[in-house]
Structures are given as C-alpha cells and as structure tokens.
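The next block holds one structure in the form of structure tokens; read it before the comments.
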Amino acid sequence: EILEDINREDQKVALAVQRAIPQIEKLVTQIVPRMKQGGRIFYMGAGTSGRLGVLDASECPPTFGVSPDLIVGLIAGGETAFIKAVEGAEDSEELGASDLRERGLSDKDLVVGLAASGRTPYVVGGIVYAKATGCKTIAIACNQGSKIGESADLAIEPVPGPEVLTGSTRLKAGTVQKLILNMISTGAMVKIGKVYQNLMVDVQQTNEKLVVRGQNIVMEATGCTRERAVQALADAGGHVKTAIVSVLLGCDAEQAAVALERARGHVRAAVSGHEKSNADAQ
C-alpha cells in the first residue's frame, strides 16, 4: 500500500510538467543564443534542488561533448553538500551572490534558480545578484507565486501537489525538477547540434562501453557496417560526428570536418550543404 500510494502520487508529476512546457520552451529559447555567444548556464539550489542541478550539469560533458564550464551546477555549501547536508548554507543570500561572483558572472550568462519551496535565501540571493549583473534569470519552483519566481525574469512553477511524506521535497517536487532539467539540457543540446536524429553524436568515448556506443551511433546514422564505422572513427580521431559525415558524404575525414565547421557542428546541415554545393558546381 505504501508503494502504491507513492506511485499514485508520482503519476501527477508528468502532468504538472506538461502544463509548464510553454515556460520551459521560453527558457530553452533563451539558452541557445547565449551558448552560441560563449555564455554559460548556472543551475543553483540547496539540498535536493542543488544536487539535481549539479547532477544535470555533470552529465552534459560526457553525453554531449561540451566543456564542463558550459553548464555549471552550484549547491549551497559547496561540493561537500552534495553528499552531506551543510546546515545553514541555504539560509544565506550573500552566499548565493558570492558563489556567482567568484565565477566571474557576466551578462552573457544565464542563471537558473531551483527551489521546491520557491523561497530558499541562497537562491534568492543568487537571482538578485545575477539580475544586477545583467544576466537573464529563471526560477524553477513547485509553488505558484514563489519568491524566486517574483525575483526572476521568467518563472517555471509546476505544482505536483502535496507530498506523500509531508514536506519531503525529494519526492514529487524533486522528480518535477529532474524532469525539467532533463528537458532544458537536452532541448538546448539538440538546438546547438549535439544530436542527430535521436543519436548522441558528440558522446565522449571515455571507456570501452562508450567506444562501442560510438561505433553503434555511426552505424545507425549511416547504415554502414561495424568495420566501416571503426575505420571512419579511426580516421576522424574518434570524433563521431566527423565519422558520420564522412560516411554519408563518401569523403575523407578532413573534408567532413570542413563541412561540419561550415555547418556550425550540425550533421544534417553539413550533409545537405555539401550536397547543395556539389549540385551548384555541376
């Protein structure tokens, strides 16, 4: 009965997120041009919210091949707080501001404040400082009319309802935030060319499993054999997107890299642009 009660409440989470999609879309739309201009994305929160932001940020480099400086997770109390609560850290607005100040926040960056309650001082302080710096600021809370929502430029406030265990925001509220963070980072990476079809074409091959995954991605994207995929990856120095473009265009890795550079890293644009150039030449 305990598990059924939890599961019944969990089913309300996706519906709450669905209602917030228009606001999430606005956020992704604001993130993309900032990334292209060299701006960074900062997630900041305390407790569960902070851990979820750090988790999403830390998964982007291996999944999408981006710099760990592009999406940064900040948690009240620092890295120690990820595995053990740091009492009182979330109650300081100045700490939120100083964490951003120490990282050289600029008006190119974007700050996403995460707080289930919507009133965490650490997050409020960060958002207020970020706005004064000229940054775009976003609030993600699980209460309508939240304090961080009132402070930010854009508020995303899905309400999944009371927790099964009253006040335990690691449950539905935590799941809501996790789902939204998945949508934010994945949506932004699709828009900047880190995905082709439904494939992670910038995945970093840092272990044996990911080496095989890279081969599988090249095979699925192009329909080639594993032997051809292995050779294309070797020629491309392990760069999956270059290998894909070289196979699809039937060209060498150097020509594929040039086509990708012209297309700003988008596989589909690289392939179609190269084919159009050849057609125009003929």
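Listing for the model above:
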| item | result |
| --- | --- |
| Size descriptor, Kirkwood hydrodynamic radius, that averages inverse alpha-carbon separations across the chain, Å | 20.3 Å |
| The chain - percent relative contact order, Cα under 8 Å, separation 6 or more | 16 percent |
| Local electrostatic count at Glu150 - Lys and Arg +1, Asp and Glu -1, tallied over other residues with Cβ under 13 Å | +1 |
| Rg(Cα) / (2.2 N^0.38 Å) computed for the stretch 86-144, rounded to two decimals | 1.07 |
| Pairs from Lys136/Lys172; Lys178/Lys209; Lys108/Lys194; Lys26/Lys178; Lys147/Lys191 whose Cα-Cα separation, in the structure shown, is over 29 Å | Lys147/Lys191 |
| Over the stretch 176-239: Kirkwood hydrodynamic radius from C-alpha pairwise inverse distances, Å | 12.8 Å |
| The stretch 131-206 - Rg and Dmax from Cα coordinates, angstrom | 16.2, 44 |
| Per DSSP, loop GluC sites (Glu not before Pro) in the stretch 79-132 with at most 12 further Cβ within 10 Å | Glu79, Glu87, Glu102 |
| Rounded D (µm²/s) - the stretch 117-272, Kirkwood Rh over Cα pairs, Stokes-Einstein at 4 °C, 1.567 mPa s | 70 µm²/s |
| Heavy-atom accessible surface of the stretch 220-265: percent carbon and sulfur, 1.4 Å | 45 percent |
| Helical mean residue ellipticity (222 nm; -39500 (n - 2.57) per DSSP H run of 4+; nearest 500) of the chain | -18000 deg cm²/dmol |
| Translational D in µm²/s for the stretch 1-139 (Stokes-Einstein at 4 °C, 1.567 mPa s, Kirkwood Rh from C-alpha pairs) | 82 µm²/s |
| Environment charge of Val176, counting only residues whose C-beta is closer than 13 Å and scoring Lys/Arg +1, Asp/Glu -1 | +1 |
| Exposed trypsin sites (Lys or Arg not before Pro) absent: longest stretch of the chain, with sites in DSSP loops and at most 13 other Cβ within 10 Å deemed exposed | 85-263 |
| Near-label residues of the stretch 159-185 by backbone N, under 19 Å of a point 7 Å along Cα→Cβ of Gln18 | 159-162, 172-173, 175-184 |
| q = 0.20, 0.24 Å⁻¹, the stretch 55-121: log10 I(q)/I(0) [Debye, one scatterer per Cα] | -0.97, -1.26 |
| Formal net charge of residues neighbouring Val164 (Cβ-Cβ distance under 10 Å; K, R +1; D, E -1) | -2 |
| Mean Cα-pair separation over length for the stretch 1-112, i.e. relative contact order, pairs under 8 Å, 6 or more apart, % | 28 percent |
| Per residue convex hull volume, Cα atoms of the stretch 1-74, in Å³ | 114 Å³ |
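The values are calculated or read from the model by the stated rules, or taken from the named source; none is laboratory data. This structure is a prediction, so every number in the text was calculated from the model and none was measured. Backbone-built Cβ (ideal geometry, glycine too); neighbour counts: all protein chains shown. Just so you know, the surface numbers come from the protein's heavy atoms only, side chains and all, with ligands and any DNA or RNA stripped out. Shrake-Rupley method; radii C 1.70, N 1.55, O 1.52, S 1.80 Å.
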